[in-house]
1. So which residues in segment 441-485 are within 22 Å of TYR409 (Cβ to Cβ) and outside any strand (DSSP E or B), if there are any at all?
2. So, of the residues in segment 317-356 that are of a type outside the set (A, V, I, L, M, F, W, C) and modelled with pLDDT of 95 or more, which turns out to be nearest to PHE5 (Cα to Cα)?
3. Which of the residues belonging to segment 243-253 are buried (at least 21 other Cβ atoms within 10 Å of the Cβ) and either farther than 19 Å from ALA169 by Cβ or more than 18 Å from the chain's Cα centre (by Cα) (or both)?
4. Are there strands (runs of 3 or more DSSP E) fully within segment 1-91 with at least 3 residues that are under 16 Å from ASN123 (Cβ atoms) and open to solvent by less than 10 Å² (accessible area, probe 1.4 Å)? List them.
5. Is segment 180-192 home to any residue that is of a type outside the set (Phe, Trp, Tyr), at negative phi, in contact with an Asp or Glu (Cβ under 6 Å, 6 or more places away or on another chain) and touching a residue at least 60 places away in the same chain (Cβ under 8 Å)?
6. If I filter segment 317-327 for residues that are crowded, with 21+ Cβ neighbours inside 10 Å, without any contact (Cβ under 8 Å) to a residue 60 or more places away in the chain and aromatic (Phe, Trp, Tyr), do I get at least one hit?
7. When the residues of segment 181-207 are filtered to those that are modelled with pLDDT under 95 and either of a type in the set (Ser, Thr, Tyr) or open to solvent by less than 20 Å² (accessible area, probe 1.4 Å) (or both), which remaining residue is nearest to the chain's Cα centre (by Cα)?
8. Would you say THR301 is closer than 19 Å to GLN396 by Cβ, in contact with a Cys (Cβ under 9 Å, 6 or more places away or on another chain) and either open to solvent by 10 Å² or more (accessible area, probe 1.4 Å) or among the β-branched types (Val, Ile, Thr) (or both)?
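The values are calculated or read from the model by the stated rules, or taken from the named source; none is laboratory data. Worth saying up front: this structure is predicted, and the values here are computed from it rather than measured. Methodologically, a virtual Cβ is constructed for each residue, glycine included, from the backbone with ideal geometry; neighbour enumeration extends over all protein chains shown. With ligands, DNA and RNA removed, areas are computed over all heavy atoms of the protein, side chains included. Shrake-Rupley method; radii C 1.70, N 1.55, O 1.52, S 1.80 Å.
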Amino acid sequence: MNPDFTKNAQERPEPFKADVKGSIPSWLQGTLLRNGPGIFSVGETRYEHWFDGLSLLTSFTFKDGEVTHRCRFLRSDTYNANMAANRIVVSEMGTMAYADPSKNFIFKAITFLNHTMPDFTDNCASNIIKYGNDYYATSETNYIRKIDPVTLETQDKVDYMKYVPVNLATSHPHYDREGNAYNFGTSIAEKGRTKYTLFKVPAVSEKDKGKHAPALKNVEVVCSVPCRSLLQPSYYHSFGMTENYIIFIEQPFKLDILKMATAYMRGVNWASCMKYAPEENTLIHLVDRKTGKEASIKYSTGSMVVYHHVNAFEDEGHVVFDVIAYNDTDLYEMFYLNRMKEDAASQGRDYSRPSYRRFVLPLHSDKSSAVGENLVKLTYTTASAVKEKEGKLTCQAEVLYLELPRINYDFNGKKHQFVYGNIVEKSASTKQIAKFDTETKTMLHWEETNYCPSEGVFVPRPNGESEDDGVVLSSVVNSNPGQPGFLLVLDGRTFKEVARAYVNTELYKDVHGLFIPHDYVKLNRHCVMSVPDQSERGEDSCCGIELV
């Protein structure tokens with residue numbers, strides 16, 4: 001049975017003690033924060049796409065072997081406007097909101113102008129990110145919303161555009177050991193140029209501790225990568241980072257800006273203005289983190305659609321990076337609500353399956369190398385980078401076995417062995433959670449009938465003895481209507497269940513999240529957690545593992 005992911009959730013803002021079965025490790029002290037759509041209809045109006053739903057924040061707090069749960073809707077401007085009007089009045093990517101027919105001409109004209117030069121939604125329903133000492137709900141627009149990670153209350157609205165000129169930004173930043181955050185955004189037609197901007201949000205300095213100003217006020221632009229098309233920038237959801245390099249994939253999955261500007265007038269949603277051009281190559285940009293300069297070698301591969309990077313690392317003069325790739329745009333199409341309902345009532349349909357692909361980029365190209373020569377010298381991968389006549393390198397991936405990856409983030413930018421992910425079949429429902437060994441190509445699984453696990457978040461044991469020494473946390477939805485779900489705790493090494501915490505309420509399908517260790521610092525009169533060791537690095541609970 002597939003659960004109905006299209007019904008409105010119920011919030012429970014006060015903490016509720018869960019019923020724990022099994023034994024939660026004593027060292028597991030902290031909060032798992034989750035974010036995802038929770039409201040799909042307002043009044044007589046309904047969203048068309050699942051990702052458009054109004055944000056629901058969820059937390060599971062671990063303390064001394066006990067778990068408390070709470071969930072609260074994000075009180076964004078979008079939420080408040082919709083609720084005040086008792087209808088959807090703010091457009092989302094897959095749902096265009098039209099003016100109430102009873103409104104006058106001036107109101108309708110303003111609505112039209114707002115969609116021609118759109119002021120995007122602040123319904124931040126994709127992930128939780130950390131800038132400085134602050135936590136934010138985020139999607140991919142220029143707005144993020146500060147939240148209290150303890151109470152889940154909504155706080156300040158922050159506009160990236162006030163600090164760095166990006167119209168869009170990813171919801172998957174990276175964090176270095178010092179607590180600095182790195183993220184990519186798109187600047188559309190700024191001074192006649194469209195570019196991708198890598199920016200750094202520094203960790204809070206001693207002089208700024210205790211101040212209320214957002215960490216973004218100290219943002220630094222690391223570099224800009226020119227877009228190959230002025231009005232058709234590439235869509236992207238994440239990027240890769242090693243100790244010395246940034247990996248940015250400019251794929252032939254594009255936003256058509258002119259079509260987006262006329263979408264409202266043409267009666268279509270903005271998502272319909274995204275174009276996939278399978279006849280075009282995918283460009284791979286390698287940027288030096290220290291200099292901000294792009295590598296002189298030009299890398300490319302065949303057309304593909306990538307939403308999530310797994311990890312990247314350097315090895316013997318090569319940059320190795322793993323991504324989850326598709327041959328088309330099926331992942332987004334799968335989440336239109338009418339399709340989700342059809343899939344829930346049937347065995348699903350044939351969607352493009354994801355594949356875990358490993359690419360290797362040689363950092364140096366010997367001029368004496370012959371055209372057609374493979375410059376990858378690593379012996380543990382079949383990935384190749386073949387020299388072409390123009391000196392460019394055409395890359396072919398080694399196809400492995402996994403989708404929806406999460407790793408031990410202590411190994412981010414380093415060579416990793418283990419990846420945790422979810423399995424789906426022919427719908428948006430996840431049936432299994434798995435541990436994948438990239439060296440032996442073997443997997444361990446957890447599943448239980450009528451339950452759908454979310455992405456598995458790995459939390460390392462302090463002073464752990466191995467990469468997989470820790471636990472994997474997953475919010476598990478009960479597919480039986482009205483019945484409670486639970487928070488699952490798996491041993492990271494054996495992948496055996498060690499505990500589950502029943503929350504005595506329905507849990508809802510979400511997207512992303514992070515774990516915050518309970519190392520408290522006083523900030524803004526709240527007890528706020530310090531820099532997380534395990535930052536968000538994974539996939540939505542919407543994809544699956546494909547054995548190829």
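1. Within segment 441-485, SER454, GLU455, GLY456, ARG461, PRO462, ASN463, GLY464, GLU465, SER466, GLU467, ASP468, ASP469 meet the criteria.
2. Filtering segment 317-356 down to residues of a type outside the set (A, V, I, L, M, F, W, C) leaves 317-318, 322, 326-330, 332-333, 336, 338-339, 341-343, 346-356.
Subset that is modelled with pLDDT of 95 or more: 317-318, 322.
Values: GLY317: 46, HIS318: 43, ASP322: 30 Å.
Looking at the filtered set, the residue picked out is ASP322.
3. First, the residues of segment 243-253 that are buried (at least 21 other Cβ atoms within 10 Å of the Cβ): 245-253.
Passing the criteria: TYR245, PRO252.
4. Working: elements: 12-17, 19-22, 30-39, 54-63, 66-73.
Fully inside segment 1-91 and qualifying: 30-39, 54-63.
5. no
6. yes
7. So the residue we want is SER187.
8. Working: closer than 19 Å to GLN396 by Cβ: yes; in contact with a Cys (Cβ under 9 Å, 6 or more places away or on another chain): yes; either open to solvent by 10 Å² or more (accessible area, probe 1.4 Å) or among the β-branched types (Val, Ile, Thr) (or both): yes.
Taking the combined requirement at face value, the residue satisfies it.
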